[in-house]
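What follows is one structure encoded as structure tokens, with my remarks underneath.
Every number here is computed from the coordinates shown, using simple stated rules; none is lab data. Every value quoted in this text rests on a predicted model; they were computed, and no experiment measured them. Cβ sites come from the backbone with ideal geometry, for glycine too, and all protein chains shown count toward neighbours.
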Amino acid sequence: MKDLGLPEFVNRLTPVVEVAWSSPASKPNQSSTQYLVGAGINYTATNYAVTVEALIPGNKQTGSHMGVIAQFHLYFDDLFPNSLGKPIVNWWQ
């Protein structure tokens, strides 16, 4: 891996692309398979992570408007280093 000399903030960004689809499990029915594409960016800090994604309909059955989703993650090992942050096998020791 080569260091490009980018600022630390940029080095912590990760592109995210997700594809989700759902199909009816039983026949006969009138529903079609739905496709949804999520494209966004994730910022990972030392104690947390933030992700923002655009939700893009993949076909007519999924809808006609884009959406947005945001996630905020905290890490148990940083918040509770002596309890929930320890491996499960060490909880009762």
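Here are a few things to note about the model shown:
- The alpha carbon gyration tensor of the chain gives principal lengths a ≥ b ≥ c with a/c of 1.5 or higher and a/b no greater than b/c, which makes the shape oblate.
- Model label points for V89 and K27, set 7 angstrom from Cα along the Cα-to-Cβ axis, are 4.8 nm apart.
- For S32, S23, S64, order by how many other beta-carbon atoms lie within 10 Å, fewest first: S64, S23, S32
- Sites matching chymotrypsin sites (Phe, Trp or Tyr not before Pro) across region 10-93 that sit in DSSP coil, with at most 11 neighbouring C-beta atoms within 10 Å: W91, W92
- Taking each DSSP H run with n ≥ 4 as -39500 (n - 2.57) and averaging over every residue of the chain yields -1000 deg cm²/dmol at 222 nm.
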